[in-house]
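One structure is given here, and the rest of the page talks about it.
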């Protein structure tokens, strides 16, 4: 009879988050290795069921822990095995920075085995493809120094790779700019033959009439943001990819802090206390609005992002998480820059 504690999907997610944080920061590595090994054993034997696609990440965590403990053969075996799992979360753009974390862990394991050049090549590819986040960038610097013997040229190389990634998305998104005014609906393209585009929002209230409360109950009028590029992103506290995007948004907000720009994340469907609790617990730094009844845009999917030009016209919209902190940042920054460029031309 199994008398051990029962694990729900939420339990498995939370313990995996904790193990990731510990091993990625080099804390309690031996304990992480033991717990992750025990979880993998239970998952393999069917004692635990993985309903949330965490097995792959637990393998990565165990691999990195073993590398830090000097067990290189076990580390390489597990990191390679993690890539054989089908329908993995790593490819799904659901959890925050899944690929960036994988590439960082893989490169550290390669470095621990003495394969510094391969580790640097791995991180270079990740940066070029925007599968990156701040942790990956700092790891790139460490391994660059090990390969080159100094940090000379590292920042220049990183900037070149980041610029290449950003300009890729700028060019890609130029054709998505909505040139007409008066757009009130947004659709995702049909994914199957003979299927119809999926409507993700309908703007039910004219831009100038939209008012929503912030978390203190103060009413925020969209009309007050005429003259600025305004970005709104719809989310809920139970939406993992919604919150995965926040780190990328924070980078955009920081970049445009002195510009005519505003970003709001708008929580839907939930009581105010639920939202306030999560914002406090997660230390969300973004400006939060609340629309419990979804009265303004009839949102059908979260996260959904809408970008308005300084006249209040919708110029971009999108749904889903971009997959990494840097890609989210690049794509939103590109939308803002393209919108600013068109607004400048229109004002002439």
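Bear in mind that the values in this text are calculations on the coordinates, not laboratory data. Every value quoted in this text rests on a predicted model; they were computed, and no experiment measured them. Positions of Cβ are generated from backbone atoms using ideal geometry, with glycine treated the same way; all protein chains shown enter the neighbour counts.
Using a/c under 1.5 as the rounded threshold, could you call segment 179-346 rounded, prolate or oblate? The axes a ≥ b ≥ c are square roots of the C-alpha gyration tensor eigenvalues, and prolate needs a/b larger than b/c, oblate otherwise.
rounded
Between segment 131-206 and segment 208-280, what is the separation of their alpha carbon centroids in Å?
Comparing the Cα centres of segment 131-206 and segment 208-280, I get a distance of 20 Å.
Would you mind checking the tilt of helix 55-68 against the longest principal axis of the Cα atoms of the chain, expressed as 0 to 90 degrees and rounded to 10?
50 degrees
Label residue 294 and residue 257 with points 7 Å out from Cα along Cα→Cβ: what is the distance between them in nm?
Inter-label distance under the simple model: 3.5 nm.
If one takes the longest principal axis of the Cα atoms in the chain, at what angle in degrees, from 0 to 90 and to the nearest 10, does the Cα axis of helix 29-45 lie?
90 degrees
In what order do 166, 17 fall by count of nearby beta-carbon atoms within 10 Å, going from fewest to most?
Going from sparsest to densest Cβ surroundings: 17, 166.
What is the order of 246, 264, 187, fewest Cβ neighbours within 10 Å to most?
Fewest-to-most ranking of 246, 264, 187: 187, 264, 246.
Simple spin-label model, 7 Å along Cα-to-Cβ: residue 148 to residue 204 in nm?
Going from the residue 148 label point to the residue 204 one covers 5.5 nm.
Label points 7 Å out from Cα along the Cβ direction at residue 211 and residue 311: separation in nm?
If labels sit at residue 211 and residue 311, their model points lie 2.6 nm apart.
If you stretched the chain out fully between residue 135 and residue 85, how much longer would it get, using 0.36 nm times the residue separation minus the C-alpha to C-alpha distance?
Residue separation times 0.36 nm, minus the Cα-Cα distance, leaves 15.6 nm.
Could you work out [θ]222 nm for the chain from helices alone, using -39500 (n - 2.57) per DSSP H run of at least four and dividing by all its residues? Round to the nearest 500 deg cm²/dmol.
-16000 deg cm²/dmol
Which whole-number percentage describes the relative contact order of segment 179-346, with Cα contacts under 8 Å and a sequence gap of 6 or more?
29 percent
Which of rounded, prolate, oblate describes segment 9-172, given a ≥ b ≥ c as roots of the alpha-carbon gyration tensor eigenvalues and a/c under 1.5 marking rounded, otherwise prolate only if a/b is larger than b/c? Provide the component values of the computation, followed by the final result.
On the way: a/c = 2.34, a/b = 1.47, b/c = 1.59.
In terms of gyration-tensor shape, oblate.
Give, in nm to one decimal, the length gained when the segment between residue 51 and residue 31 is fully stretched (0.36 nm per residue of separation minus the Cα-Cα distance).
Additional length available on full extension: 4.8 nm.
Full-extension gain between residue 172 and residue 221, please, as 0.36 nm times their residue separation minus the C-alpha to C-alpha distance.
Working it through step by step, the gained length comes to 14.4 nm.
How high is the relative contact order of segment 9-172, in percent, counting Cα pairs under 8 Å that sit 6 or more residues apart?
16 percent
Pairs of alpha-carbon atoms within less than 8 angstrom and 6+ residues apart define the contacts here; what relative contact order does the chain have, in percent?
Details: 541 pairs, mean separation 58.7, N = 348.
Value for the chain: 17 percent.
Tell me the angle of helix 72-82 to the major Cα principal axis of the chain, expressed in degrees between 0 and 90 and rounded to the nearest ten.
40 degrees
Sorted by average packing, counted as other Cβ atoms within 10 angstrom per residue and highest first, what order do 152-163, 328-339, 32-43 take?
328-339, 32-43, 152-163
Cut-off is 10 Å between beta-carbons; in what order do 290, 167 appear when sorted fewest neighbours first?
Ascending Cβ contact count within 10 Å gives the list 167, 290.
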